[in-house]
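The values are calculated or read from the model by the stated rules, or taken from the named source; none is laboratory data. Nothing here was measured: the structure is a model prediction, and the numbers come from that model. Please note: Cβ atoms are built from the backbone with ideal geometry, for glycine as well, and neighbour counts cover all protein chains shown.
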Amino acid sequence: MRLFLTMIPDKLDLAQLPTPLQFLSRLSAELKGPRIWVKRDDLTGCATSGNKVRKLEFVLAQAIAESADTLLTCGGLQSNHCRATAVLGAQLGLKVHLILRGVPPEQLPDGNLLLASLTGAEISCYPLSQYQHLKELFDYWLDFYRGRGHKPFIIPTGASDGIGVWGYLHCVNELAGQFSEQGINPGAIICATGSGGTQAGLTLGCHLSRLNIPVIGFAVCDDAVYFHGKIRDDIGDWQKRYGISVDTEQLNIQVNDRYMGPSYGRATPEIFSTIRHMATLEGLILDPVYTAKAFYGLIQEIKAGTFQDVSDIVFVHTGGLFGLYAQHDKLGLSINSSAAGFIA
Ligand SMILES: Cc1ncc(COP(=O)(O)O)c(C=O)c1O
């Protein structure tokens, strides 16, 4: 443990850890820039894959410590976080209720929504105009469950709060060990930023362990000003909950909001061609909502010379595979079957 912390809260072992740190030799050669490494947090599990599991190890431990029997959380229709919560809730024998933004699909659900439905999670979909009143919706369902003798526990969007921060704070320890084992000296750690908790944990972890590596979050929805505030809020909540004091002015928070595309969940053709290119070149599968936007941004910045003095870069692959299934029609793929060789 390289972090000098006297207290660490309860944690459940839900993720497959440590995840590998993988060198992308062909992409690094193609770009002729720094060596590019991927922290494979898309391998934290199968149906539970991705970054949310690290946060939920702490958040669900807290829910159980509070004797909760029902998890209430929220997100988009294709939320990775909601899918991970639904699967882990079923794994732990807890009821899960998802408050989702959007209109339910007329056909059978796909991607994350399919898996969440499969686990038997209760699902309530609200159009954006109603979802904007999220606090009232949570209050309604809290009262609903309490009135029926249940103990509901609210998990905020993306499990990003002071509890969830522990997930990526811990990941920094794992990374620091791999950096020295694999003899690398990263000049930046890159991640996709959607609700801020992953970047908050990584940034705080690098600060506390004096790693002196900037963490750059590529925003996939809101702008840099919003995320600076959100990341500080999550770290502030962490300090308050656990009574740990950190000089937040010293935190190196860097957000790049130039590659989020048209809006959350919608990606440009360049993003889909990045997905195809990385799958072909390295067998690395990215998703159009989070990781491919951040990866595309990273490639553009390398090409622009932003990292020319840097020897190694680490991209944290935060998962999202099931979101790709939900947008498979935008990949421009067709099966080109060549069935030669059959002689009747
Ligand atoms: C696949 C994936 N990558 C990245 C993120 C962003 O992480 P965070 O919400 O901690 O900013 C999310 C969730 O929002 C996600 O599901």
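Using the structure shown, decide if residue 112 is in contact with a helix residue (DSSP H, G or I) (Cβ under 9 Å, 6 or more places away or on another chain), assigned to a helix (DSSP H, G or I) and either under 30 Å from residue 301 (Cα atoms) or small (Gly, Ala, Ser) (or both).
Spelling it out, it is not the case that residue 112 is in contact with a helix residue (DSSP H, G or I) (Cβ under 9 Å, 6 or more places away or on another chain), assigned to a helix (DSSP H, G or I) and either under 30 Å from residue 301 (Cα atoms) or small (Gly, Ala, Ser) (or both).
Which count do you get for residues in the range 250-269 that are within 20 Å of residue 168 (Cα to Cα) and in a helix (DSSP H, G or I)?
Applying the first criterion (within 20 Å of residue 168 (Cα to Cα)) to the range 250-269 yields 250-256.
Within this subset, residues satisfying the condition of being in a helix (DSSP H, G or I) are 250.
Number satisfying all stated conditions: 1.
Among the residues of the range 208-252, which ones are out of contact with any Asp or Glu (no Cβ under 7 Å at 6 or more places or on another chain) and of a type in the set (Asp, Glu)?
We begin by selecting, within the range 208-252, every residue out of contact with any Asp or Glu (no Cβ under 7 Å at 6 or more places or on another chain); these are 208-218, 220-222, 225-233, 235-236, 238-252.
Hits for the range 208-252 are 222, 233, 247, 249.
If we keep just the residues of the range 95-106 that are of a type in the set (D, E, K, R) and either away from the ligand (no atom under 16 Å from the Cβ) or not in a strand (DSSP E or B) (or both), which is modelled with the lowest pLDDT?
So the residue we want is 106.
Might you check whether a residue that is among the acidic types (Asp, Glu), within 14 Å of the ligand (Cβ to nearest atom) and either at pLDDT 95 or above or surrounded by fewer than 17 Cβ atoms within 10 Å (Cβ to Cβ) (or both) occurs anywhere in the range 152-161?
Yes, the range 152-161 contains at least one residue that is among the acidic types (Asp, Glu), within 14 Å of the ligand (Cβ to nearest atom) and either at pLDDT 95 or above or surrounded by fewer than 17 Cβ atoms within 10 Å (Cβ to Cβ) (or both).
Got a sec? Which of 76, 89 is within 16 Å of the ligand (Cβ to nearest atom) and either among the β-branched types (Val, Ile, Thr) or over 13 Å from the mean Cα position of the chain (by Cα) (or both)?
Being within 16 Å of the ligand (Cβ to nearest atom) and either among the β-branched types (Val, Ile, Thr) or over 13 Å from the mean Cα position of the chain (by Cα) (or both) holds for just one of 76, 89, which is 76.
Just checking, does the range 227-246 include any residue being within 14 Å of the ligand (Cβ to nearest atom) and touching a Phe, Trp or Tyr at 6+ places or on another chain (Cβ under 6 Å)?
No, the range 227-246 has no match at all.
If I ask for residues that are assigned to a strand (DSSP E or B) and of a type in the set (A, V, I, L, M, F, W, C), which ones from the range 115-141 would you list?
123, 125 - these are the residues of the range 115-141 that are assigned to a strand (DSSP E or B) and of a type in the set (A, V, I, L, M, F, W, C).
Could you count how many residues in the range 186-215 are within 11 Å of the ligand (Cβ to nearest atom), more than 12 Å from residue 171 (Cβ to Cβ), assigned to a strand (DSSP E or B) and of a type outside the set (S, T, N, Q)?
1
So which residues in the range 283-334 are of a type in the set (D, E, K, R) and either within 16 Å of the ligand (Cβ to nearest atom) or in a loop (DSSP other than H, G, I, E, B) (or both), if there are any at all?
Answer for the range 283-334, where residues must be of a type in the set (D, E, K, R) and either within 16 Å of the ligand (Cβ to nearest atom) or in a loop (DSSP other than H, G, I, E, B) (or both): 287, 293, 309.
Does the range 29-38 contain at least one residue that is closer than 27 Å to residue 182 by Cβ and within 16 Å of the ligand (Cβ to nearest atom)?
Looking through the range 29-38, at least one residue is closer than 27 Å to residue 182 by Cβ and within 16 Å of the ligand (Cβ to nearest atom).
Testing residue 25 on (1) free of Cβ contacts under 8 Å to residues at least 12 places away in the same chain; (2) within 16 Å of the ligand (Cβ to nearest atom), one condition comes back false. Which one is that?
All conditions pass for residue 25, except number (2).
When the residues of the range 50-73 are narrowed to those that are more than 11 Å from the ligand (Cβ to nearest atom) and polar (S, T, N, Q), which ends up nearest to residue 19 (Cα to Cα)? So that I can check it myself, show each step before the final result.
Let us first name the residues in the range 50-73 that are more than 11 Å from the ligand (Cβ to nearest atom), namely 56-73.
With polar (S, T, N, Q) added as a condition, the list becomes 62, 67, 70, 73.
Details: 62: 24, 67: 30, 70: 30, 73: 26 Å.
Within the range 50-73, the match that is nearest to residue 19 (Cα to Cα) is 62.
Given the structure, is residue 44 more than 15 Å from the chain's Cα centre (by Cα) and at negative phi?
no
Hey, among the residues in the range 74-96 that are crowded, with 22+ Cβ neighbours inside 10 Å and in contact with a Phe, Trp or Tyr (Cβ under 9 Å, 6 or more places away or on another chain), which one's nearest to residue 234 (Cα to Cα)? Explain how you work it out, then say what you get.
Of the residues in the range 74-96, the ones crowded, with 22+ Cβ neighbours inside 10 Å are 74-75, 77-89, 96.
Checking which are in contact with a Phe, Trp or Tyr (Cβ under 9 Å, 6 or more places away or on another chain) leaves us with 74, 78, 80, 83.
Numbers: 74: 17, 78: 24, 80: 20, 83: 22 Å.
Looking at residues that are crowded, with 22+ Cβ neighbours inside 10 Å and in contact with a Phe, Trp or Tyr (Cβ under 9 Å, 6 or more places away or on another chain), I get 74.
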